[in-house]
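Student: Mind having a look at this structure? Questions to follow.
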Amino acid sequence: MKDTACIILAAGRGTRMKSSLPKVLHKISGKTMIEYMLELIKPFSFKPIVAVTGYKGSNVTRLCKGAKTVSQKSLLGSADAVMSARSALSKFRGDVVVLYGDTPLIAETTLDELIKSHKKTNAFCTFLTARMKDPTGYGRVLRDDADNIVRIVEEKEASLYDKAYDEVNVGAYCFKSRYLFDALREVRNDNKKGEYYLTDIIAIFRKHDFKIESVSTASEDEAFGINSREELAKAEKILRDRTIKKFLDQGITIVDPANTYIDASCRIGQDTVIKPYTIIEKGVVIGSDCVVGPFARLRQGTVLTDKVEIGNFVELTRCNVGFGAKIKHHTYIGDAVIGKDVNIGAGTITANYDGKTKNKTIIKDGAFIGSGTIFVAPVVVGRKAITGAGSVLTKNTSVPDKAVVVGIPARPIQKIHQKRLR
């Protein structure tokens, strides 16, 4: 976005997390909070992007690709953190978006509305607010009788009268950069925490008669800031519900949304049915008219084409499963290519790891795998071949097309019969 920079505040330790990790490195649905914030701003092409780090800052810096990082030397509050970014913006004269690293639920559309409103109204500051049924813990937005913004008061500093207000500060701002840094010099730490609050800048702007605007989000969820493990779990649920809704809207049946986990990065075709207690992890691709679950786990690197059936207590990782294949019961398949119309019996296992290398199993079109078959990879099973129940296919076995193999180690039935005749 032209003439717009971004500052992400990511310095906090998060003492209520009871953790040695910096707060923004705690994960929600498999990604850290700082990664969510970086993904949020990516479509806007802000330049420069500055991440303010502090506690164990080097750990945060490693994830901040494409951003300048500056260190807040002492954790003296959000205003001090923003001031720490000034050196990285010394020659910048445009607008600055300021975001908190612990608010990963803000939607891209909402941030876009905030920035557009700021530029349209030519305000000195525009910030995001929300109406909360229970605003406990959030800074309250105070207005005068004419609905003009007067100040933001933090929860710890709020009077009983202030706490009666339900409009809260979300923690997303857009400033005219020059006025931002000038006003930060006026922020004082005469509060109960002895910190420099960025929210105090609103009252300072008001004193100077600078134009202040706000944009309100209709979703309470976007205002959700994360400061504890309990709040981390609530954010996880919010994100999971958003993901589930997205897939439902795309024509996927999810039988029990409350007991299904699907990573937001997955792709699923129409008319697929996901049954309860199923976990579908990052990057999994599922075609149309598939059935998955219950109690199935599809791990990263798995691709199912159309009309595949994956049943209860089946785990797949780094697998490509062909059209119409069926893997119905109590099975682990790893590092495999499975052809179309393959049927894999209950209890089948690929021993894909030999301690050094992940080895591949290839099962070609139309093969029938008997219950309890073990593949000691690498193994190749030909087209329309059959393995008997309980067979063990040892390393480097190659089963010809239409052959039937049984036993430990598995051998073609014809050879076994000939041996007995001798």
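Every number here is computed from the coordinates shown, using simple stated rules; none is lab data. Everything quoted here is computed from the prediction, not taken from an experiment. Here Cβ is always computed from backbone atoms with ideal geometry, including for glycine, and neighbour counts include all displayed protein chains.
Student: Residue-wise, which Karplus ³J(HN,Hα) couplings in Hz belong to the range 51-60, taking 6.51 cos²θ - 1.76 cosθ + 1.60, θ = phi - 60°, and x for glycine or proline?
Tutor: 9, 9, 9, x, 4, 6, x, 4, 5, 6
Student: Straight-line reach from K211: which lysines fall under 22 Å, measuring Cα to Cα and dropping same-chain residues less than 8 apart?
Tutor: K2, K116, K119, K120, K176
Student: When DSSP beta bridges are limited to those with both residues in the range 4-223, what percentage is antiparallel, rounded to the nearest 5? Before the final figure, lay out each step's value.
Tutor: Values: 18 of 39 bridges.
Roughly 45 percent of the beta bridges in the range 4-223 run antiparallel, per DSSP.
Student: Per DSSP H run of at least 4 residues, take -39500 (n - 2.57); add these up for the chain, divide by its residues and hand me the 222 nm value, nearest 500 deg cm²/dmol.
Tutor: Details: 9 runs with 84 residues, N = 422.
Computed ellipticity for the chain at 222 nm equals -5500 deg cm²/dmol.
Student: Of the candidates T32, T61, T397, which one comes out as most mobile in a Gaussian network treatment of the chain with C-alpha springs shorter than 10 Å?
Tutor: Among T32, T61, T397, the largest GNM mean-square fluctuation belongs to T397.
Student: Continuing with the same structure: If a/c stays under 1.5 just call it rounded; otherwise compare a/b with b/c (prolate if a/b is bigger, oblate if not). Do that for the range 229-421, with a ≥ b ≥ c from the square roots of the Cα gyration tensor eigenvalues.
Tutor: Working: a/c = 2.82, a/b = 2.21, b/c = 1.28.
Because a/c hits 1.5 or more and a/b exceeds b/c, the range 229-421 counts as prolate.
Student: Now, a different point. Only four residue types carry charge here, +1 at the Cβ of Lys and Arg and -1 at the Cβ of Asp and Glu. Report the dipole size of the range 4-223 about the Cα centre in Debye, rounded to the nearest 20. The partial results should precede the final answer.
Tutor: Working: 35 positive and 28 negative charges, 227 e Å.
Dipole size: approximately 1100 debye.
Student: Please get the size of the charge dipole for the range 271-338, origin at its Cα centre, with Cβ charges of +1 on Lys and Arg and -1 on Asp and Glu, quoted in debye to the nearest 20. Let's see the in-between values first.
Tutor: On the way: 8 positive and 7 negative charges, 32 e Å.
Magnitude of the dipole: close to 160 debye.
Student: Which label belongs to the value computed from this structure, given these candidates for semi-axes √(5λ) of the Cα gyration tensor in Å: [x] 58, 21, 18; [y] 54, 26, 19; [z] 42, 28, 21?
Tutor: [x]
Student: Just name one of P104, T129, H118: the one whose Cα is farthest towards the positive end of the charge dipole of the range 1-135 (beta-carbon charges, Lys/Arg +1, Asp/Glu -1).
Tutor: The residue sitting farthest along the positive end of the dipole is P104.
Student: Quick one, could you list the DSSP H helices from the chain stretching 15 Å or more along their long axis (Cα atoms) with average Kyte-Doolittle hydropathy of -1.0 or above? Display every interim value, and only then the final one.
Tutor: Working: long enough: 108-121 (20 Å, -1.16); 229-249 (30 Å, -0.98).
Those that clear 15 Å and a mean of -1.0 are 229-249.
Student: Put +1 on the Cβ of each Lys and Arg and -1 on the Cβ of each Asp and Glu in the chain; which of T243, A172, F375 then has its Cα farthest toward the positive end of the dipole?
Tutor: F375
Student: Let me spell out the model: positive unit charges on the Cβ of Lys and Arg, negative unit charges on the Cβ of Asp and Glu, origin at the Cα centre of the chain. What dipole size does that give, in debye rounded to 20?
Tutor: Numbers: 66 positive and 47 negative charges, 488 e Å.
I would put it at about 2340 debye.
Student: For the range 4-223, what is the convex hull volume of the alpha-carbon atoms per residue, in Å³? Working shown, then result.
Tutor: Working: hull volume 28.0 nm³, N = 220.
In the range 4-223, the Cα convex hull volume per residue is 127 Å³.
Student: If you don't mind, another one. Quick one: check the C-alpha center-to-center distance for the range 202-264 versus the range 153-178, whole angstrom.
Tutor: 19
Student: Below 8 Å between Cα atoms, with a sequence gap of 6+, how large is the relative contact order for the chain in percent?
Tutor: Working: 1067 pairs, mean separation 36.4, N = 422.
Computed over the chain, the figure is 9 percent.
Student: How high is the relative contact order of the range 4-223? Use alpha-carbon pairs under 8 Å, at least six apart in sequence, and give a whole percent. Spell out each step's value before the answer.
Tutor: On the way: 443 pairs, mean separation 51.1, N = 220.
Here the relative contact order equals 23 percent.
Student: Looking at the range 209-360, send over the antiparallel percent of its DSSP beta bridges, to the nearest 5. All intermediate terms of the calculation are to be shown ahead of the outcome.
Tutor: Numbers: 1 of 32 bridges.
DSSP beta bridges in the range 209-360 are roughly 5 percent antiparallel.
Student: Let me ask something else. Taking every DSSP beta bridge that has both residues in the chain, what percent is antiparallel when rounded to the nearest 5? Mind showing how you got there, number by number?
Tutor: On the way: 21 of 92 bridges.
Here the share of antiparallel DSSP bridges comes out near 25 percent.
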